Amino acid sequence: MSEPARTAPFAPFEWMLSSRYLRARRKEGFISVIAGFSFLGIMLGVATLIIVMAVMNGFRKELLDKILGLNGHLLVQPLESPLTDWKEVAERINAVSGIKLAAPIVEGQALASSPFNASGVLVRGIRSKDLDGLASIAKNIKQGTLEGFDEGQGVAIGRRLADQLSIHAGDSVTLVAPRGAITPMGTTPRIKPYKVAAVFEIGMSEYDSSIVFMPLTEAQAYFNRSGDVTAIEVYTSNPDKIDVFRKNVTEAAGRPIFLVDWRQRNATFFNALQVERNVMFLILTLIVLVAALNIVSGLIMLVKDKGSDIAILRTMGASQGSIMRVFLITGAAIGVVGTIVGFLVGLLICLNIESIRQFISWMTNTELFSPELYFLSKLPAEVDVGETAAVVIMALTLSFLATLYPSWRAARLDPVDALRYE
């Protein structure tokens, strides 16, 4: 028997045969159905992975922006003695390179009430110039104004709190603190009405429904702070380099202090997000894996069905490599096209995810992304190029690996046996 003629890898006839095997005919209808489901599985798996990872990234980024936009990257607390020298300490910290803002604050819990409702709140005393420096507040004023915040006895409250209490800018809100004036009969609650100077909306329901900003001097009087503050919130230019800033702030403070950074304050929350993200990636990868296994079963059935065709091709001079490449192209085409379509579908949905959410909510008349449950007022999606590329490469790799065994089986098929049992 003469040696089979060598053909160039991926010759035109190999592509032609692969395309013919992918086309549905009555005889191979069931095989084409399997190929179709494999294509859908890979497409949906890739699209779902891209969408879920983008939403998880967007969720983390939005929460990080909102949390760090209101709370400092570093919290400077007093050690050994109260922060009565807070002005000097804040000025020294502000002079440190990379520090955007050092804001002295007075914090305390109170009950906010109106003639219509009441709610527990966190009152935060802050200077007007520091409040103007918080872009998450100053740039998101929905009603009223922050002008003259230090001069009057007005407060700034969140949009959800205002809705809950059924009040607007210009109305009055009554704050009740459990620790008020000390009398011979004991400590009495402090009850005082304040005008609502401004209503802000950060976009994070936890803050919009529970934060009340008050002028610093008024907060010191309200919470019985005799010239000192609770802490100093420090905002840096780069939260990821917080360890460098910790050292510089400690040196600049010039007094015993206790520092807590944003990672320590939110460690449990962001660690839970990271774990959930990793688990979701592993679970959704199984969808792509199942679709790749469908390619294996479909190709094995195709090889069995095309046994006589393979035998005839071998006797006509086709090499084992040619036969293997025919089925490699057939199986890989399903995976490649499915991955590309899934990538495009996932990208399209990510770019319009909030519009899709609103449409589905309108169609079903339900709240799909409740701000009270998920903290944010809209569904975010942040497509990460590296992660998306990893998803695409993983899908392509699984699709290619799924074709190796059936293609090898086809190449190893003995032409004599194939024709004998046909």
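The values are calculated or read from the model by the stated rules, or taken from the named source; none is laboratory data. Not measured: the values here are computed from a predicted model. Note that we place each Cβ from the backbone using ideal geometry, even for glycine, and neighbour counts take in every protein chain shown. Heavy atoms of the whole protein, side chains included, go into the accessibility calculation; ligands, DNA and RNA do not. Shrake-Rupley method; radii C 1.70, N 1.55, O 1.52, S 1.80 Å.
Every condition in (1) under 17 Å from V155 (Cα atoms); (2) out of contact with any strand residue (DSSP E or B) (no Cβ under 7 Å at 6 or more places or on another chain) is met by V106 except one, and the failing one is (2). Test each condition in (1) under 30 Å from I191 (Cβ atoms); (2) out of contact with any Ser or Thr (no Cβ under 7 Å at 6 or more places or on another chain); (3) crowded, with 19+ Cβ neighbours inside 10 Å for Q109 and report the one that comes out false. Only one criterion is unmet by Q109, namely (3). Just the residues that are open to solvent by 30 Å² or more (accessible area, probe 1.4 Å) and not in a strand (DSSP E or B), please, taken from segment 113-136. If the condition is that a residue be open to solvent by 30 Å² or more (accessible area, probe 1.4 Å) and not in a strand (DSSP E or B), then P115, F116, N117, R127, K129, D132, G133, A135 are the ones that fit. If you go through segment 210-239 and keep only what is of a type in the set (G, A, S), in contact (Cβ under 8 Å) with a residue 12 or more places away in the chain and either touching a Pro at 6+ places or on another chain (Cβ under 7 Å) or over 25 Å from R92 (Cβ atoms) (or both), you end up with just S210. Looking across segment 154-168, just one residue is open to solvent by 70 Å² or more (accessible area, probe 1.4 Å) and in a loop (DSSP other than H, G, I, E, B), and that is H168. L404 falls short of the stated requirement of being farther than 20 Å from G298 by Cβ, outside any loop (DSSP other than H, G, I, E, B), at pLDDT 80 or above and open to solvent by 50 Å² or more (accessible area, probe 1.4 Å).
For Y207, are the conditions met, namely being assigned to a helix (DSSP H, G or I), touching a residue at least 24 places away in the same chain (Cβ under 8 Å) and crowded, with 18+ Cβ neighbours inside 10 Å? When the stated conditions are applied, Y207 passes them.
Among the residues of segment 74-98, the ones that are under 17 Å from E251 (Cβ atoms) and assigned to a loop (DSSP other than H, G, I, E, B) come to 6 in all. Take A54 and tell me if it is in a helix (DSSP H, G or I) and either at pLDDT 85 or above or open to solvent by 50 Å² or more (accessible area, probe 1.4 Å) (or both). So A54 fits the description; yes.
Every residue in segment 137-153 that is more than 14 Å from V199 (Cβ to Cβ) and open to solvent by less than 50 Å² (accessible area, probe 1.4 Å), please. If the condition is that a residue be more than 14 Å from V199 (Cβ to Cβ) and open to solvent by less than 50 Å² (accessible area, probe 1.4 Å), then G148, G152 are the ones that fit. When R20, R25 are checked against the criterion of being at pLDDT below 65, surrounded by fewer than 21 Cβ atoms within 10 Å (Cβ to Cβ) and not hydroxyl-bearing (S, T, Y), R25 stands alone in meeting it.
When T188, T230, T174 are checked against the criterion of being surrounded by fewer than 13 Cβ atoms within 10 Å (Cβ to Cβ) and β-branched (V, I, T), a single residue qualifies: T188.
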